[in-house]
């Protein structure tokens, strides 16, 4: 197979004509300004421009590999445009935020015609203006961009727990991913016209951060006014411990945002279902999907980390915010840490019960996870521990007046309507006269399960990162098991970068059951994707990869299994029918001693990538670097480029660890090349390579390069020796 490489010499080659002084040593870089002497760098289709190399040098060291990996996949003009955001920035304290966005926004979005590069700096500038406005959080900077290699920023925020004040510092990566990042979920990163939801040039087109925070339509109030004077991010109050009203009314900025959402939006929908927060805010209308998007946008605008969560097969989405842990949050329902939605295989709800005495034994929710008998749920003055037999209904408590005909045991004496009704109203086989304590509910009768088994079991709860990555957090919401899917090619070699979609047979709507998307993930360098899934459901799968799909027919799935048990780990192997393309190389072997030699040293960081199943954007995560490196002469380099069989003096398979080698060479045979190419389908390797020319063991020239090497491409270091 011919390899489609356009080899570009990015460093001018100057022949070495003699002399061994230190003046002939030099150091190179990944761009056109490095390397002058015996050693030079060559790249394939993917290379960095001079502007990109300069911009990357201005970023903190921990962000440079991400910037190289993203920029090298883009066209030169776009590289230069994005790089100018760094080089033209007025405030150097914003360099790290801008660099993070350049290095992590999906290259699919960066290359889109709808993307405006200036949105990156507008977003960061808005972030710092908001920081000046609020009292409960402060952006703090560590290090000086002009002198420190690893400068970064984060947020200090004030909380109050049980009346005790504290100041905490946010994890660095949470600050960048869940506050700074300009993409929430599946919406394009762009400017949106509020009146129609279409992409528009500024100032008509607006970005959600400043639009939500500062502006409001007539009769509405902007978010900034709701947060004015607020001293705490959160006061630690949840519905479970404090009840609905206090968790909303006196709960720091979290409570204020709940009020803003309730005051600004009506629950409902029309034909238009926007995913852009700007348009959602302008419509003041939405169901759970729109409320989830607007809640995360509002939180991030208010400098509070937040993510969107989804249980797609159960047709529900909501949010979490971060305060030392991820906290369930659903402003539209005024929920803060309020879990009772999904049942497990035993019929028990994972986080709390329903507050109903199903088995008519005068105890509510016994056996349900985290049911707290001392909480005052319905504010009627009695808790479960004090004998309240339904703490979700304020007309039911010990000593209450019995209300005839309401089918409720109002006074908690074990009998509804005083046992005078002999009709089986709910058809469960028991009448009030026979002890049925609620003859309006078929799930309530003597001896019934305390929580009725639900067909609405959870399949998976998935979190979504702004670059398109999806992962499962099902263990926070339902009884879960672990599924490891291993994808290999026809030769049993692991397939990385494959998208694995999990589907399930959902009965969320009994009248219209069917197969629904549950979640998806991307295989790593070992060909593995792992999921936390809900127990006792019927599951299916689909795999899509660079070398083929399974099933091979579009939009089809194959069965997995239907009997997983909580707590177990299951492994499922998928073998594709195609093979990963491989180079045919013959290793000749090499000598380490001789008059002339090339000394090599290398180190690397790596990334593996994949495609979001829903919106098809590319994303990548850090991973072990995985490279094949070949030391060849001129003729065999040409054979390598053509995809033909070739001979190599040295062959090294490198997995992340630093290493090196010394190879004896014959100057009469012409130039030599060290070729590096990723040994993966989706990887990008940030390669640090040092080459030293030796004569009789003495160093006479050296170069050091840092270069991103993209899958299906290569980089080569050229060594020229003229004795």
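We did not get these values from a lab; they are worked out from the coordinates using the rules stated. Just so you know, these numbers come straight off a predicted model, no measurement behind them. Here the Cβ positions follow ideal geometry from the backbone for every residue, glycine too, while neighbour counts run over all protein chains shown.
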What FRET efficiency do you get for residue 215 and residue 169 if R0 is 35 Å and r is their Cβ-Cβ distance, rounded to the nearest 0.05? 0.70
Stick to the Cα atoms of segment 618-719, pair each with every other, and give me the Kirkwood hydrodynamic radius in Å at one decimal. 14.6
Can you tell me which of 707-717, 587-597, 294-304, 622-632 comes out highest on packing, and rank the rest after it, using the mean Cβ neighbours within 10 Å? 294-304, 707-717, 622-632, 587-597
With 10 angstrom as the radius, rank 719, 267 by how many other C-beta atoms surround their C-beta, starting from the fewest. 267, 719
In nm, to one decimal, how far is the residue 553 label point from the residue 128 one, both placed 7 Å along Cα→Cβ? 5.7
Simple spin-label estimate for residue 491/residue 57, 7 Å along Cα→Cβ, in nm, reads 4.2
State the extension gain, in nm to one decimal, for the chain segment bounded by residue 263 and residue 544, taking 0.36 nm per residue of separation less the distance between their alpha-carbons. 96.8 nm
Between residue 333 and residue 573, what is the label-point separation in nm under the 7 Å Cα-to-beta-carbon projection? 4.2
Kirkwood Rh, Cα atoms: Rg over Rh of segment 87-131: 0.98
Whole-number value, in Å³ per residue, for the convex hull of the alpha carbons of segment 232-311 is 101
Ordered by packing density, taken as the mean number of other Cβ atoms within 10 Å over each peptide's residues, highest first, how do 86-93, 644-651 rank? 644-651, 86-93
If I stretch the segment between residue 403 and residue 241 completely, what's the gain in nm (0.36 nm per residue apart, minus their alpha carbon distance), one decimal? 55.4 nm
Starting from one equal scatterer on each C-alpha and no solvent at all, send me the Debye-based log10 I(q)/I(0) for segment 56-164 at q = 0.10 Å⁻¹, two decimals. -0.33
Stokes-Einstein D for segment 106-179, Kirkwood Rh over Cα pairs, 37 °C, 0.692 mPa s (µm²/s): 222
Applying 1/(1 + (r/R0)^6) with R0 = 30 Å to the Cβ-Cβ distance of residue 565 and residue 156, what FRET efficiency is obtained, to the nearest 0.05? 0.10
P(r) for segment 518-656, please, calculated from all Cα pair distances in 10 Å bins and given in %. 9, 26, 28, 19, 12, 6, 1
May I ask you to work out the translational diffusion coefficient for segment 481-575 at 25 °C, viscosity 0.890 mPa s, via Stokes-Einstein with Rh from the Kirkwood sum over Cα pairs, reported in whole µm²/s? 180
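Quote the relative contact order of segment 481-575 in percent (integer), defining contacts as alpha-carbon pairs under 8 Å separated by 6+ residues.
Values: 216 pairs, mean separation 36.7, N = 95.
Over segment 481-575, the number comes to 39 percent.
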Computed lengthening from residue 484 to residue 616, 0.36 nm per intervening residue step minus Cα-Cα distance: 45.3 nm
